[in-house]
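Asks: Have a look at this one before I ask anything.
The values are calculated or read from the model by the stated rules, or taken from the named source; none is laboratory data. Because the structure is predicted, anything quoted here is derived from the model rather than measured. No Cβ is skipped: glycine too gets one built from the backbone with ideal geometry, and neighbour counts run over all protein chains shown. In case anyone asks, the SASA skips ligands and DNA or RNA and just uses the protein heavy atoms, side chains included. Shrake-Rupley method; radii C 1.70, N 1.55, O 1.52, S 1.80 Å.
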Amino acid sequence: MLEKIDELLVEVGNFSTTNKDDIEQFRIKYNGKKGILNDIFAQFKNVPNDQKKEFGQKINTLKQAVEAKLDSLKNASTSNLILEKEDLTRPGFPTELGTRHPINLVKNKIIEIFKSIGFAVADGPEIEDDWHNFTALNLPEYHPARDMQDTFFIETNPDVLLRTHTSSVQIRYMEENQPPMRILSPGRVFRNEAISSRSHCIFHQIEGLYIDENVSFADLKQTIQFFTTELFGKSKIRMRPSYFPFTEPSAEVDVYWGLNSETDYRITKGTGWLEIMGCGMVDPAVLKNVNIDADKYSGYAFGMGIERIVMLLYQMSDIRMFFENDKRMLEQFKSL
């Protein structure tokens, strides 16, 4: 019987075909209910005890050889069938191309505009400590302006949180560098806000900082004037007095959008003016916190929400669309 199994092993090893009917006959011959393997297993009880171990090993070897041969024959048959049916001279299937996200499109455009006038990009962590996110920015623990930003705290004592603005990047940069400096800090920020069509707990900011000798509010206004003309094609702006803890004086910037359509009336509430960013002269207290001589140096800072700019440029009405990854919306930006 052992010799018979050896002969079957050679037969299995030599068998080759790509014909589906022949493969099926081979399967039935060896693995069928009345096949060779079942017949050999049935004879196992008649084998003398001293030969059972060797006999069992041989049977298992044959069984594994049959299963391996069937797998290889089926794969070869499938490949051959594909080759027979497919015209190999046909062009391949077109690959579906993705698209840049509208937030990245606008962010990169803003960076290009400011790079053209000497700004560099600085980056920082999204998980921040209290000093860089609040205290160094003239927002000490008792300051009421902290209530303007509902915060996601990761731990307390010491406070660790998800950054509420990219101003923290400016603090880190000023700690490690000395003026003159001219930087942009784009990135994702987090605030504990109710999600609606106009607000989200996650959004993107891009903030700018310029520190040097004799920097004035006039420099700030001219920079913003240049930016709005380059991005929106709108050169008429106005600056309204406002309050930010880290700048003094501070202002909100409006651009004159116009009243040329019904949409213009809606998004400007019938005024033609649209708020796009906040800005101001860097508070001397902030400079002192990062060991920059406030008597020698001055500077300005500005910041804007990227989603808001995207919604203005592309007339989008719901901020939630940016985070849903709906291909129908994203495909609109393929050509941009």
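Quick grid of which residues meet (1) at pLDDT below 75; (2) out of contact with any Leu (no Cβ under 8 Å at 6 or more places or on another chain); (3) surrounded by 10 or more Cβ atoms within 10 Å (Cβ to Cβ); (4) not polar (S, T, N, Q):
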position: Phe44; (1), (2), (3), (4): yes, yes, yes, yes
position: Val47; (1), (2), (3), (4): yes, yes, yes, yes
position: Thr61; (1), (2), (3), (4): no, no, yes, no
position: Ala65; (1), (2), (3), (4): no, no, yes, yes
position: Leu70; (1), (2), (3), (4): no, yes, yes, yes
position: Leu73; (1), (2), (3), (4): yes, yes, yes, yes
position: Arg90; (1), (2), (3), (4): yes, yes, no, yes
position: Arg100; (1), (2), (3), (4): no, no, yes, yes
position: Leu105; (1), (2), (3), (4): no, no, yes, yes
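Asks: Sort through Ile206, Ile202, Ile195, Ile154 and tell me the only one that's of a type in the set (Val, Ile, Thr) and modelled with pLDDT of 95 or more.
Replies: Ile206
Asks: Also, I was wondering about something else. With respect to Arg188, is the statement that it is buried (at least 16 other Cβ atoms within 10 Å of the Cβ) and among the charged types (D, E, K, R) true?
Replies: Here the answer is no, as Arg188 does not meet what is asked.
Asks: With the structure loaded, tell me whether Thr263 is surrounded by fewer than 18 Cβ atoms within 10 Å (Cβ to Cβ) and β-branched (Val, Ile, Thr) or whether it fails that test. Outline the logic, then answer.
Replies: Values: surrounded by fewer than 18 Cβ atoms within 10 Å (Cβ to Cβ): yes; β-branched (Val, Ile, Thr): yes.
Here the answer is yes, as Thr263 does meet what is asked.
Asks: Output the number of residues of the range 12-27 satisfying the condition of being open to solvent by 80 Å² or more (accessible area, probe 1.4 Å) and over 52 Å from the mean Cα position of the chain (by Cα).
Replies: Looking only at that region, the number is 2.
Asks: Filtering the range 277-300 down to residues that are touching a helix residue (DSSP H, G or I) at 6+ places or on another chain (Cβ under 7 Å) and either among the aliphatic types (A, V, I, L, M) or without any contact (Cβ under 8 Å) to a residue 40 or more places away in the chain (or both), which residue is surrounded by the most Cβ atoms within 10 Å (Cβ to Cβ)?
Replies: Initial filter on the range 277-300 (touching a helix residue (DSSP H, G or I) at 6+ places or on another chain (Cβ under 7 Å)): 279, 281, 286, 289-290, 292, 294, 297, 300.
If we keep only those that are either among the aliphatic types (A, V, I, L, M) or without any contact (Cβ under 8 Å) to a residue 40 or more places away in the chain (or both) as well, we get 281, 286, 290, 292, 294.
Working: Met281: 19, Val286: 25, Val290: 18, Ile292: 21, Ala294: 15.
Taking the candidates together, the pick is Val286.
Asks: Return a yes/no flag: does the range 27-41 have any residue that is of a type in the set (Asp, Glu), in a helix (DSSP H, G or I) and touching a Leu at 6+ places or on another chain (Cβ under 8 Å).
Replies: no
Asks: Being in a loop (DSSP other than H, G, I, E, B) and crowded, with 16+ Cβ neighbours inside 10 Å is the filter; apply it to the range 123-151 and report the residue that is modelled with the highest pLDDT.
Replies: The residue in question is Gly124.
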